[in-house]
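Rule-based calculations on the coordinates, nothing more; no lab input. The shown structure was predicted, so the numbers you read here are calculated from the model rather than taken from an experiment. Cβ: placed from backbone, ideal geometry, glycine included. Neighbour counts: every protein chain shown.
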Amino acid sequence: MDWGKICQDSAMIVAFFLVMKWILEQFRAELNGNRKERLEYLTKLDKISDKMENHDIRAKENHIETQAVHKEMIITLARINGYKKD
C-alpha cells in the first residue's frame, strides 16, 4: 500500500466535502434572503392592493356626489335661462 496515495485521495475527498458544505451554506443563505425579500414584496403588494380598492370606493362615491351636484346645476341653470319643465 502506498500511504501517500491513500492520504492524497482522502485529502481530496475531504476537500470536496468541505467545498460542497460551503456551497450548500451559501445556497441556504441566498434562499433565506430570497424568502425574506419575497415576504416583504408580498406585504407591500397587499398594501398597494388595499389602497387601490380604497381608491376605487372613494372614486365611486365621488362620482355619485358629482352626478348629484351636476343634476342640481342643470336644474338651476335651466330655471335661470327660462326653461320650463314639461
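Under a Cβ-only charge scheme (Lys and Arg +1, Asp and Glu -1), can you give me the dipole magnitude of the chain about the Cα centre, in debye to the nearest 20?
460 debye
For the chain, build the charge dipole from Cβ charges (+1 Lys, Arg; -1 Asp, Glu) around the Cα centre, then report which of I64, I13, N32 sits farthest towards its positive end.
Projecting each Cα onto the dipole axis, the largest value belongs to I64.
If each DSSP helix of 4+ residues adds -39,500 (n - 2.57) and the sum is divided by the residues in the chain, what number results at 222 nm, nearest 500 deg cm²/dmol?
Taken over the chain, the calculation gives -34500 deg cm²/dmol.
Compute the helix-to-body angle for 3-80: its Cα long axis versus the longest principal axis of the chain, expressed 0 to 90° and rounded to tens.
Here the helix axis deviates by roughly 0 degrees.
Once fully extended, how much extra length lies between M12 and D46, figured as 0.36 nm per residue of separation less the alpha-carbon to alpha-carbon distance?
7.2 nm
Thinking of the chain as a set of Cα atoms, what percent of all their pairs are more than 22 Å apart?
70 percent
Given a 10 angstrom Cα cut-off, can you work out which residue in T76, T43, T66 is the most mobile in a GNM of the chain?
Looking only at T76, T43, T66, the largest GNM fluctuation is found for T76.
On full extension of the chain, what length is gained from I75 through R38, given 0.36 nm per residue of separation minus the C-alpha to C-alpha distance?
Result: 7.8 nm gained on full extension.
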